[in-house]
Amino acid sequence: MWSQFNGVLLYCTRGITSANQFTVHRQLPLHGMTIRESEDEWGVPHSFTLMVQQQSLVVAACSESEMEKWMEDLKMAVDMAEESNGPTADLLTAKFSGASEVESEDDLCGSRTSLQRNGNDSANTLHRGNTTAHVCWHRNTSVSKLDFSIAIENQLSGNLLRKFKNSNGWQKLWVVFTNFTLFFYKTHEDEYPLASLPLLGYSVTHAGESENIHRDHVFKLHFKSHIYYFRTESEYFFERWMTVIRSATVSASRTRYLNRTELD
């Protein structure tokens, strides 16, 4: 896993400790770094080369849009590092480790079990397992600076009716959307959420006729085999929820890439 941190590019892996911490294996200063596409050179799809301090490192993204996202953010970070003269020597020699625990993939995907938790301990566990870094690790995705900026501007709370794929009834919940995540409360007065559902990697669509929902203002969230239906009380709120959720499920960089591809 790669992260940009204060003028340094960190290469991390998740440890096998009880705390499931991320361990830093390598640190590359952004000051003086050059970046170039290298798919043709190495024959590796979506690859690019990082060169700094007489070192070169070839990395590959999981898709063309992810590569575009990383290269754009890295070039921006390199420019900022040049202006600030790079990180301090203390930062380059420091040891980094994440202190967050991670839940199972089922929990991160928002399984029925995790969605029925409650209480202070559960809220703390959900927060630890649903950090952006851990969600990106499990969902094999990344978040750009622009994605974060858009997420800050798109926050929403209100009542939603939720239905699981294999259930018949609808449950009314107070839902808060912030930081790429839906937080579920029994009422708006509750201090701690019953559960949370990170949306990175999810897709949001209208519920189709073949799904036999037979209700108005219903949208569907799905990731792999995980499917959830949500219903709003009006067309206005349906559009509002679709807009803010798309800000978390559709990368801004990916949207720009697709638009550019259509123009070509």
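When the residues of the range 149-191 are filtered to those that are buried (at least 17 other Cβ atoms within 10 Å of the Cβ) and hydroxyl-bearing (Ser, Thr, Tyr), the one that is modelled with the lowest pLDDT is THR181. Within the set VAL8, VAL58, VAL24, the sole residue that is of a type in the set (A, V, I, L, M, F, W, C), touching a Leu at 6+ places or on another chain (Cβ under 9 Å), more than 19 Å from VAL135 (Cα to Cα) and modelled with pLDDT under 85 turns out to be VAL8. Of a type in the set (Gly, Ala, Ser), modelled with pLDDT of 75 or more, within 26 Å of SER225 (Cα to Cα) and under 24 Å from the mean Cα position of the chain (by Cα): is that true of SER63 in this structure? Taking the combined requirement at face value, the residue satisfies it.
Would the range 95-111 turn up any residue that is modelled with pLDDT of 70 or more and outside any loop (DSSP other than H, G, I, E, B)? No, the range 95-111 contains no residue that is modelled with pLDDT of 70 or more and outside any loop (DSSP other than H, G, I, E, B).
In the range 25-50, which residues are of a type in the set (A, V, I, L, M) and over 16 Å from MET67 (Cα atoms)? Correct list: LEU28, LEU30, MET33.
Applying the selection to the range 159-173, what residues are part of a strand (DSSP E or B) and among the basic types (Lys, Arg)? Of everything in the range 159-173, those that are part of a strand (DSSP E or B) and among the basic types (Lys, Arg) turn out to be ARG162, LYS163, LYS172.
A quick yes/no check of all residues on (1) over 24 Å from SER142 (Cα atoms); (2) part of a loop (DSSP other than H, G, I, E, B); (3) of a type in the set (Val, Ile, Thr):
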residue	(1), (2), (3)
VAL175	yes, no, yes
ASP190	yes, yes, no
LEU197	no, no, no
GLY201	no, yes, no
SER210	yes, no, no
PHE238	yes, no, no
MET242	no, no, no
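The values are calculated or read from the model by the stated rules, or taken from the named source; none is laboratory data. The model shown is predicted, which means the values in this text are computed figures rather than measured ones. Cβ: placed from backbone, ideal geometry, glycine included. Neighbour counts: every protein chain shown.
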